[in-house]
Amino acid sequence: MKAPKIATISVRRQFIWCFSLALFVSISTMVVPQLTHSSVYAQSGQKVRSISCEFVPEEQCPVDMASVRCELDLDPFDAPMSSRIYADYKNTSPRPISAVKFRIRFVDAEGVERGTFHAVDSAYVAAGGTKGHKWKRDFTLDPRVVSMKVRVLQVKYAEGGDWQSVKMQELAQPGSAEPAPTPATPDSSAGP
């Protein structure tokens, strides 16, 4: 008698397991395509626009911009949501540097300022050396933005001392007419 009970229990367990598996497969074929569709849409719908970038040089600046580019991530209505800025710069001074502060200014087609911020790269760059850096800034930009201007505001030398641009000296003066831009961290942003 024990043999038939064990066989019956084993058959029931197999039946429950098979039924559960069939139910799981049935439900997952209904749900997974919907999840996959929304996931794929979220990954493939991103629009990106490159904008023109201009480096604003200043006499006696110990840093020169080798290249700079900016990409804007756009929403479904083509309005900029965030920016990625890629910069390669060169230490043109005879002294090593330990940090550079850039100012990044977004402008419209008429040259009117539409957003400004400071971007800092705190890295050792030997005399004559080059360095690349990326800042990502997640904030909504004015939809009229068509280009970007970059300038070096401040350079810190590795052994002490610094260089300041004329614009930095203007910003540091009390009663400056222009509000101070928001500071940015790496993978954030900067200002011209």
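A quarter of the convex hull surface defined by the alpha-carbon atoms of the range 110-158 gives 4.7 nm² as the mean projection. Lysine pair count for the range 89-177 (Cα-Cα distance under 18 Å; residues 8 or more apart in sequence or on different chains): 16. The mean of 1/r over all distinct Cα pairs in the range 47-184, once inverted, gives the Kirkwood hydrodynamic radius of 15.6 Å. Dividing the mean sequence gap of close Cα pairs (under 8 Å, 6+ apart) by how many residues the range 42-177 holds gives a relative contact order of 28 percent. Available extension along the chain between residue 54 and residue 112 is 19.4 nm, counting 0.36 nm per residue and deducting the alpha carbon span.
Any read-out appearing in this document is the output of simple, stated calculations on the displayed coordinates, not a laboratory observation. Small disclaimer: the values here were computed from a predicted structure and weren't measured.
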